[in-house]
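Undergrad: Pasting a structure here, questions to come.
Where a number appears in this text, it was derived from the coordinates with a stated rule and is not lab data. All values reported here derive from a predicted model rather than from experimental measurement. Please note: Cβ atoms are built from the backbone with ideal geometry, for glycine as well, and neighbour counts cover all protein chains shown.
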Amino acid sequence: MVDSPENSLPKLELELRRGALVLAVLSQLREVQYGYSLRQALAQRGMQIEEGTLYPLLRRLEKQGALASEWRIEDGPPRRYYRLNDAGEALLAELTASWRALVATMAGLLGGSAG
């Protein structure tokens with residue numbers, strides 16, 4: 001049985017979002033955040049992300065050297081706080097430039113203006 005375009009749309013939209021999640025997360029870690037506060041910050045800006053996606057992404061970015069983290073105890077249970085380090089700042093700048101170039105290219109392909 002072949003999927004109809006309507007049935008394929010959610011999967012395709014998920015693929016588009018998945019590519020943007022790293023950039024979205026990095027953009028919000030210019031300031032120190034813990035996982036839940038990061039999820040809230042992203043959600044307030046229209047980028048919902050599940051815990052099962054966010055926490056492995058944070059660990060991967062830290063392992064790749066883009067993030068620094070530390071455990072803190074402030075008004076509640078211990079929380080791991082994340083922030084961009086120098087390599088993360090550079091990565092954010094490079095990915096932002098790549099994103100803007102891609103948006104301009106796609107706008108040309110789709111017949112719109114770059115936004």
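Undergrad: In the stretch 98-107, which residue that is within 14 Å of V22 (Cβ to Cβ) and either free of Cβ contacts under 8 Å to residues at least 60 places away in the same chain or of a type in the set (A, V, I, L, M) (or both) is surrounded by the fewest Cβ atoms within 10 Å (Cβ to Cβ)? Step through it out loud before you land on a result.
TA: Here is the first cut: in the stretch 98-107, the residues within 14 Å of V22 (Cβ to Cβ) are 98-99, 102.
Next, only the ones that are either free of Cβ contacts under 8 Å to residues at least 60 places away in the same chain or of a type in the set (A, V, I, L, M) (or both) stay: 98, 102.
On the way: S98: 11, L102: 13.
Once the filter is applied, the top-ranked residue is S98.
Undergrad: Please work out if R59 is among the basic types (K, R) and more than 28 Å from M106 (Cα to Cα).
TA: Values: among the basic types (K, R): yes; more than 28 Å from M106 (Cα to Cα): yes.
When the stated conditions are applied, R59 passes them.
Undergrad: Could you check L92 against (1) farther than 18 Å from S37 by Cβ; (2) free of Cβ contacts under 8 Å to residues at least 24 places away in the same chain; (3) within 18 Å of the chain's Cα centre (by Cα); (4) part of a helix (DSSP H, G or I) and say which number it fails?
TA: Just one mismatch for L92, condition (2).
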